[in-house]
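I have placed the structure first, in the form of structure tokens, so that the comments after it can refer back to it.
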Amino acid sequence: MAQRGLHGAAPERVLPGTAASPGIACGTAWHLPEEIVVSGPVPVEGREQERGSALAALYAAGDALSAVAAALPPDEAEIVQAGALMAQDPALTRAIEEAILADGAPAAEAINRATGAYADVIAAIDDERLAARADDVRSLGRRAARLASGRGMAAPPGSDLIVIGSDLGPADVAELAPALAGVALAGGGATAHAAIVARSLGIPMVTGLGNQVLEIVEGAPVVLDGSAGTLIAHPSTDRARRATAEMGVRVLAARRAHELRDQPAVTTDGNRITVLANVASPQELALALRAGAEGIGLLRTELAFLDARDWPSERDHTDALKPILSGLGDLPAAVRVLDFGADKCPPFLTDTAERGLELLIANPDALIAQLRAIVLAAEAHDVRILLPMVQTSEQVAHVRGLILTVARELQVQRIPPLGSMIETPSAAECAAEIASECEFLSIGTNDLTASTLGADRFAVNTARAHHPRVIRSIARSVSAAHEAGIPIEVCGEAASDPVMLPLLVGLGVDELSVAAAHVGQVRDWIRHLDGAETAGLARSALTMDTAEEVQWAARQLSTGLQEAPAIPATR
Ligand code: PEP
Ligand code: MG
């Protein structure tokens, strides 16, 4: 049954979309100014003046974009500036003039029509870089059309607005940023330029929510989960409370990350913990590296192929890996093979009951195509292969055999290390056998928590990872790895949770891999932890029965982390 929403009003409504920029935002819905209303053809005698208004609006939009670009860091500035330059494109101005002078189109309509047609032509070219330019043209067009019809973009006063719209340009995100808590779009994609700017500014964003998002009433309370890719209208009080708490964590992370990025993540008694990033795009990697990430602990390769119509080819994998790995320099990357299934299902797999490694083993050509791409990439980069949802050591041995065959065929010099995700209680049970086939282990606490406790992993449930049953599974996996003489990382959300972090350090986890936006925060928290205290906490948590007992026992250490001194915000 649907839970009652905030204030007991409408019931909660969860809209699924695509995660485009991580983080949770809790706020009120605000709709972008409506589409331009077109009012009949302009009489012939008024067309010259209309032409002047249209071009003035176009140039003003270009100037506004330049001004936004000037205030952004170089990478983002380049994206926004590209839109500004489009305003000077003679082909575009000619098309606008023609629409007005020949057809009598009003200025805003002429701009929309010309920029739309121009963007369609660019988007149809089979080149990803040019396709992105199409977004820039549309963004310029929306802005110019709004100016031509006398409508601005200014957000209403107040903060914590979740902007809702069909689409949004990168400059719009940058400009609206001070008033925005999050962005929810009916269209768009995770790789759209607006998403890049949102990620770098730390603004959660969900795209591809469909037209139903446009029906949400302005002013309605909403929770936007940019990591899970959902928008929840009329959230329950509990969900809104947890989202607000998580927003606080995110703000703190952004404040500390940049300034402290060069300081090592070492506990007060000298235990050095490696902090890596979970990424699926070059932009997230850039953000993570800016905060001091020491590499990629989890590259979720499946996220690039959620719209795929068939299994990705070796070439598809190579093309997807290249821009990410090339941004890494000498740093390591754990490239996880496709974890399709459950919530991460491309259209051609919607009927599958299998998930992760099991699904790949059942589709050997698809697995081999990806292994070939990774093995070749490992010639130039410090790459490890990570297997998702591993159930048995036999599965790992099977993949190792495939990797050896692939390496022989490709005549490569280096065979990448192989690691397994521990994400189910049964995998944790047989962690020792799995470890014996691996060079490293990685605990996926998101799935481990959900499968251990029979919970829905998307029900905003960080607290549930605090359960002693989950903690005992983690402890068993850590012991198994260390007895096998291999390192173990944690790459689920728990690694950036202030209650879980002291426990993970106390249990002896070697590496933590966290969302790009949390890298700086986690590195800083580690510097506030003490080995004896965290080990003591971990020992007692293993004997407990409930999550509440664990939270109570951890309160001193976790509160200490959250009260660590803040540095001025970067946003
Ligand atoms: C996890 O389950 O904790 C994990 C890191 O994998 P994913 O979130 O991609 O399922
Ligand atoms: Mg998982």
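Reported count of residues in region 18-52, each being at pLDDT below 85 and over 20 Å from the mean Cα position of the chain (by Cα), is 9. The condition (being of a type in the set (D, E, K, R) and either open to solvent by less than 10 Å² (accessible area, probe 1.4 Å) or within 16 Å of ligand 1 (Cβ to nearest atom) (or both)) is satisfied by just one residue among GLU489, GLU483, GLU549: GLU489.
Of the set (1) open to solvent by 20 Å² or more (accessible area, probe 1.4 Å); (2) at pLDDT 80 or above, all apply to ASP135 but (2). Could you grab me the full set of residues in region 487-519 that are outside any helix (DSSP H, G or I), touching a residue at least 60 places away in the same chain (Cβ under 8 Å) and more than 16 Å from ligand 2 (Cβ to nearest atom)? PRO498, VAL509, ASP510, GLU511, listed by residue number. Taken over region 265-288, residues that are open to solvent by 10 Å² or more (accessible area, probe 1.4 Å) and over 28 Å from MET389 (Cβ atoms) amount to 7. Take the conditions part of a loop (DSSP other than H, G, I, E, B), more than 16 Å from ligand 2 (Cβ to nearest atom), among the hydrophobic types (A, V, I, L, M, F, W, C) and in the same structural domain as LEU402 (by TED's automatic domain parsing) and apply them to ILE471. Does it pass? Answer is no for this residue.
Among the residues of region 333-361, just one is open to solvent by 10 Å² or more (accessible area, probe 1.4 Å) and in contact with a Ser or Thr (Cβ under 9 Å, 6 or more places away or on another chain), namely CYS345.
Cβ-Cβ contacts under 6 Å between residues 6 or more apart (or on different chains), taken from a first residue in region 415-427 that is free of Cβ contacts under 8 Å to residues at least 40 places away in the same chain and open to solvent by 10 Å² or more (accessible area, probe 1.4 Å) to a second residue that is more than 14 Å from ligand 2 (Cβ to nearest atom) and part of a strand (DSSP E or B), are listed as PRO417/ARG384.
Return a yes/no flag: does region 320-328 have any residue that is open to solvent by 20 Å² or more (accessible area, probe 1.4 Å) and at pLDDT below 90.
Quick first cut of region 320-328, residues open to solvent by 20 Å² or more (accessible area, probe 1.4 Å) only: 320, 322-323, 326-327.
Still in the running and at pLDDT below 90: 323, 327.
There is at least one residue in region 320-328 that is open to solvent by 20 Å² or more (accessible area, probe 1.4 Å) and at pLDDT below 90.
Only residues that are away from ligand 1 (no atom under 13 Å from the Cβ) and not β-branched (Val, Ile, Thr): list them for region 426-449, please. Don't jump to the end; show me each part of the working.
Step one: filter region 426-449 for residues away from ligand 1 (no atom under 13 Å from the Cβ), giving 426, 429-440.
If the condition is that a residue be away from ligand 1 (no atom under 13 Å from the Cβ) and not β-branched (Val, Ile, Thr), then SER426, GLU429, CYS430, ALA431, ALA432, GLU433, ALA435, SER436, GLU437, CYS438, GLU439, PHE440 are the ones that fit.
Taking region 306-338 as the region of interest, how many residues are touching a Leu at 6+ places or on another chain (Cβ under 8 Å) and within 16 Å of ligand 2 (Cβ to nearest atom)? Number of matching residues: 5.
The values are calculated or read from the model by the stated rules, or taken from the named source; none is laboratory data. Quick caveat, the model's predicted, so the values are computed rather than measured. FYI the Cβ positions are ideal-geometry reconstructions off the backbone, even for glycines, and counts take in every protein chain you see. Heads up: the accessible areas ignore ligands, DNA and RNA and are worked out on the full protein's heavy atoms, side chains in. Shrake-Rupley method; radii C 1.70, N 1.55, O 1.52, S 1.80 Å.
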